[in-house]
Structure formats: C-alpha cells, structure tokens
1. Collect residues whose amide H, placed 1.01 Å from N in the peptide plane, falls under 5 Å from the amide H of Glu124; neighbours closer than 5 in sequence don't count.
2. Hey, for a label at Arg150 modelled as a point 7 Å past Cα toward Cβ, could you say which residues of segment 65-109 have their backbone N under 17 Å away?
3. Compute the FRET efficiency between Lys162 and Ile33 as 1/(1 + (r/R0)^6), taking r as their Cβ-Cβ distance and R0 = 45 Å, and round to the nearest 0.05.
4. For the chain, what's the relative contact order in percent, using C-alpha pairs closer than 8 Å and at least 6 residues apart?
5. How tilted is helix 151-168 with respect to the longest principal axis of the chain? Cα atoms for both, answer in degrees (0 to 90, nearest 10).
6. Where a Cα-Cα gap under 27 Å defines reach, which lysines qualify for Lys219, not counting those fewer than 8 residues away within the same chain?
7. When DSSP assigns beta bridges and you keep just the ones with both residues in segment 1-159, what percent turn out antiparallel, to the nearest 5?
8. Based on DSSP H runs of at least 4 residues, each adding -39500 (n - 2.57), what is the mean residue ellipticity at 222 nm of the chain after dividing by all its residues, to the nearest 500 deg cm²/dmol?
Amino acid sequence: MRDVKKFIKAKKRKKLIKKISLMTIVVVVGVFIFLTKAPIFNIKSIVFKGNVTISNDRVGLNIFTVNQKDIKKEVLSNRYVSTVEVKRKGINTLEITITEEAPVYYINNGIELLIINNDLEVLEETDNIDGRNLVEIKGIDLSAKDDESRVDEFNSYKHILKAFYPYISKNREAIYLSSLDISNIVNIIGYIGDVEILFGDDSDIHNKMENVYRIMLDKDINIAKGYINVSFNGAPVIKVDEVKEEPTIEEGISEENGIIEDASEQGEDVEPVE
C-alpha cells in the first residue's frame, strides 16, 4: 500500500510540474508576443546626443526587435564618429549617444590637406581649413603607413600625437601651436608664430607645455620671435630675437638702391627661466 501511495504522489507531482512548466511557457510566449507585436512598443522617436544623426526610417519599428548592431554600424560609417551607444529609453524611444572625433591635426601632402586623427587615419580631404584651428604635422609620409617594416616608426608617431592631443585640443588663442615637426621623434619641434619650441622627445609633455605657456605669456620676457628649449630637465633656455619692423616709405626706400635692409637684427639670449 505504501508503495502505491508513493507512486500516486509521484505521478501527481509530475503532472503538477508539467502544468507549471506549460503555463510558464505559455506566459513567456505571450509576453514575448506582446512585447514584440503590441503597437505601444513601436519606436516613436530617436533621440541623438551628439551632432551626427541617422535616418528616421526606424521609427515605427518595435523597440525590442530593432537591430542595434545595424544602427551602430550606420553611425560609425561617419569617419568623425569614434564611439556610439544605443539605449532604450522608456517603451518607445531610442537614445543614441555619439562620441565624435575632434581632430586637431592635418598634413599637407602638396596636393591637398589631409585632416587626421591621433591614429593617423584620414578623416577628411580638403583644400581649405580656414577657421578650424588645426595644427600642421610635418615629417610624416602617410603613403608608407601600411609598410610592415615601418610599423614601429608609425606607432611612435601615434604615441606622440596622442601625447600632445590634450594640450593642442585646448589651444590657447594667444599661444596657438601652428605646426609640429615629428620627423625626428627625439627632437620634436613646434612653432608658435615665429617662436620655435624645442621639445626633445615626447616625455613629460605636461611640464614642457606648461613651461611654454608660462614663458609665452610672461610680459617681462615678451618673446615674439626666437626659441624656447624645454628638451631637457631643468630650467628652459630662451632666446629672444628682435622683431624687425616693416620699413616705412621714408626709411626703407632709396632712389638708387631700392629697399634698404636693416642689418641690426640680433638675437638676445635670455638666462634659463626657473
């Protein structure tokens, strides 16, 4: 008798488990159908955080089944986009957060101007960069970028551009870095107007740039032409050249000899600045 009772209980238990399992499956399927088919979950708006947008042809699609990978792929097809994140916001809104490249560099290849990012990827080819506050990079031949024998060389270039980026991206108008020559990675040379900046290698860029900013803004030094050497540990060495004024008509022209050049321009060496 006991065995019979145990058998009946086990059979009832199995039936109960089957019923619960079946009900669970029905509920899950019902919820899935509801979430994927109910009009309430159709996308009504796409919110963009960033300047890049995509077409609104996904409005009306179900927010749970819309292909987010395709959205990311479409947004990333824009070369100025570095990252994209897609999120559901509420029951019918997609939020797309876009991080854009903020290029600060360009290369003049003699034919056109190539706007590049820190990884030496060409973002744009143009013939005019007026008002864009970009820094010209010299000493790089991008045509050799894919040369396997020069991988280490180009990785060094990328490292240099990334090291300078935080400072160049916040270029101070009064001391705008106009170009950077990295043809020699241990003798990097920058230019701020007519002032040559000798950086040496790309180590300790923060302190080097801070020294450059301080010297350029020092009214007592008042350097408009010459050089600043911050390539070594210790106080920077500065050379201030006299800025030659444009000759006036009365002073600069001789009836017999034409323009008379002022040969009195001399450089003034300044003691290292602590």
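1. Residues meeting the amide H criterion: Ile115.
2. Residues 107-109 fall inside that zone.
3. So, using R0 = 45 Å, E works out to roughly 0.35.
4. 9 percent
5. So the inclination is approximately 80 degrees.
6. Lys170, Lys208, Lys239, Lys244
7. Values: 17 of 24 bridges.
Given both bridge residues lie in segment 1-159, the antiparallel proportion sits at roughly 70 percent.
8. After summing the helix terms and dividing by the residues of the chain, the value is -9500 deg cm²/dmol.
Readers should treat all values here as calculations from the given coordinates under stated rules, not as data from a laboratory. Model, not experiment: these values are computed from the prediction. Note that we place each Cβ from the backbone using ideal geometry, even for glycine, and neighbour counts take in every protein chain shown.
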